[in-house]
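The block underneath contains the structure these notes are about, expressed in structure tokens.
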Amino acid sequence: MLIATINSSIVLIALPDIFNGIGINPLDPGNTSYLLWMMMGFLVVTAVLVVSFGRMGDMFGRARMYNLGFLVFTISSIMLALTWMNGDAAALWMIGWRIVQGIGGAFLMANSSAILTDAFPANQRGLALGINGVAAIAGSFLGLLVGGLLAPVNWHWIFLVSVPFGVLGTIWAYLKLHDIGVRKHSSMDWGGNITFAVGLIAILVGITYGLQPYDGAAMGWANPWVLAALIGGVLVLIAFVVIETRVRNPLFQLSLFRNREYSLGNFANLLASLGRGGLQFMLIIWLQGIWLPLHGYSFEQTPLWAGIYMLPMTVGFLVSAPLSGVLSDKMGQRWFTTGGMVITAVTFFALTLIPVDFNYVLFAVLLLVNGIGMGMFSSPNRAAVMNSLPANVRGAGAGMNATFQNAAMVLSIGIFFSLMIAGLTARLPSAMQTGLVAHGVDAGTAHGIAQLPAVAVLFAAFLGVNPVQHLLGPALGNVPPDQAAFLTGRGFFPSLITDPFADGLHVAFWFAIIACLVAAVASLMSGRKGAELGTEQGTESVGAELAGVAGEAGTIPSELVDPPATAGTRRP
């Protein structure tokens, strides 16, 4: 699980080295789709398939589906590492195999929790699921650091890093992992599977292409194909709901949403994911495009250091998520989920108050507290959602919960990027033209450069690329040498986009604030104490489900390994 989630974010930080390695110019408008699909292809596929693959595990064996996922994931990692082409062919090859890698990752994510639930008795299940959950969340953060370390050395290595684990894991899982759960042999809900996949893919693809310029506009939301994808996707998902209410063995039991705790918990999780999903992108753009160059880092160094400077958020999350999982069992989950979202919203608000060229100590403290807030929400929310369900529908409930979270990540990226592009479009052209003219570029050339689509400037900042030298081209020879050196140095481009970037950033953060506050209200309204729910539903309490997130080292030997004297027996 750690390797799977590391690979979901490792490409994010390594994109500058990947594009440079395969010879793709990220500022060329025709290459925007490559950049978007390299980032979002893995997320889209995982979001779409995780429910179906979880159902297949119930029907055909979870270990078998898990093994297949390990094999697919490993093969795709090898093929990505072996990329030998350049240009468009290399980009298409990598996007294709990233999608295949997402298919393998969906098999793993859909079945790992179910396998652990089958394998461990109730008094040990919390620890097993907790370790698995912490690994999943930690991987999404650690991928940024691993990618920043390996990509500058050789970008192929970011894909090779998972291959040894994949090969050993595939062989070990085939030899040692056996299905001990009860299989549910039933007919496949093909109508539900197809309409769910087609509808969700159409919406996510529409969001992806809506971020690209169209017919002179900064974004493509007026593109007929984008509108058709979004509207058509919604209509197909409505058809999915109708089908699910009429088939004998539905892909997902929509009746679960009659459960108030389950519905509100999922709604809160969806909003929390929307609020924080695009945060990584905003922070990376902020660091790579502005703050790091202004503080003496070359554009080539910014991916690695962006990952390093974001570590306080990781630390905050990994400390608070396990602790809140344990404490919520004793004190009830509502105050942790509600408090976590309020804390997260407060940190978003604080980030709007600091200057773009901030003091890092203050920034690090805000990231740490933000991670603590997200961690406080995450474990109790997941425990409350799962604990609200009868044991016989836990798999279906977990699958839909994961789908909401993964789809919200893609939707969040679309929302955050749209808000950023809107802010940049309003102020960037005039700021760029004025800045270029002030440093010796003739007015005609400056006007032409100022028409660069805002999305290209945003991606340049995201990739840690200084676009000025590329944009000026031969015209740079007509600029006095001292001014030319300043224009292509580390200070001009970051200073140029600071004010327009701040406008878009503040709008994006206010969206996150509102989403988190609504999630806090939903959390406050949902449910009672986890222990009470567990008793009434006949399921485990919050602690029995996820208290093991705490990773209490002293309990591991006694909880997971039978003492020699009692080996072969199972404690009550």
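The values are calculated or read from the model by the stated rules, or taken from the named source; none is laboratory data. All values reported here derive from a predicted model rather than from experimental measurement. Positions of Cβ are backbone-derived with ideal geometry, glycine not excepted, and every protein chain shown enters the neighbour counts. Side chains included, ligands, DNA and RNA excluded: accessible areas come from the protein's heavy atoms. Shrake-Rupley method; radii C 1.70, N 1.55, O 1.52, S 1.80 Å.
Below, the figures for the structure above:
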item	result
Dimensions (Å) - segment 1-153, Cα atoms, principal axes, largest first	55, 29, 24
Percent breakdown of C-alpha pair distances by 5 Å bin, ordered from the shortest bin, for segment 321-437	2, 10, 12, 14, 18, 14, 10, 7, 5, 4, 2, 1, 0, 0
Contour excess over end-to-end distance, with Cα ends at V437 and S255 and 0.36 nm allotted per residue	59.2 nm
Carbon/sulfur fraction of accessible area - the chain, other protein chains in place, 1.4 Å, %	68
Helix 62-81 axis, angle to the chain major axis (alpha carbon atoms, nearest 10°)	20
Check: the chain dipole with +1 on Lys, Arg Cβ and -1 on Asp, Glu Cβ, in debye	1480
Candidate residues D17, D28: accessible-area rank, largest first, probe 1.4 Å	D28, D17
Average projected area [Cα convex hull, the chain], square nanometres	26.1
Rg ratio (alpha-carbon, reference 2.2 N^0.38 Å) - segment 244-296	2.03
Enclosed volume per residue, in Å³, of the convex hull spanned by Cα atoms of segment 241-391	145
Folded to 0 to 90 degrees: helix 2-22 orientation relative to the chain principal axis, Cα	20
Cα pair distances in segment 280-367, grouped into 5 Å bins until the bin that holds the longest one, percent each	3, 12, 21, 21, 15, 11, 8, 5, 3, 1
Average accessible area per residue (Å²) across the chain - probe 1.4 Å, nucleic acids and ligands excluded	39
Segment 1-78 - Rg (one decimal) and Dmax (whole number), Cα, Å	15.6, 47
Computed over segment 145-279: relative contact order in percent, which uses C-alpha pairs under 8 Å that are six or more apart	20
Solvent exposure, largest accessible area first (probe 1.4 Å, DNA, RNA and ligands not counted), of D482, D179, D215, D357	D215, D482, D357, D179
Rg/Rh for segment 401-452, where both radii come from Cα atoms and Rh is the Kirkwood radius	1.34
Cα→Cβ-extended label distance, 7 Å offset, between A350 and Y174, nm	5.1
The chain: calculated mean residue ellipticity at 222 nm from DSSP helix runs of at least 4, using -39500 (n - 2.57)	-25000 deg cm²/dmol
The chain: angle of helix 311-331 to the longest principal axis, Cα-based, in degrees nearest 10	30
Per-pair calculated FRET efficiency, R0 = 35 Å: V521 and N86 via Cβ, rounded to 0.05	0.10
Label-point separation in nm, N359 to T488, each point 7 Å along Cα→Cβ	3.7
Cα centroid of segment 54-115 to Cα centroid of segment 288-303, whole Å	34
Most to least accessible of R258, R490, R98, R64 (protein chains only, probe 1.4 Å)	R258, R64, R490, R98
Separation in nanometres of the label points that stand 7 Å from Cα toward Cβ, at V242 and H295	5.6
Per-residue SASA entry for I308, accessible area with 1.4 Å probe, Å² rounded to 10	50
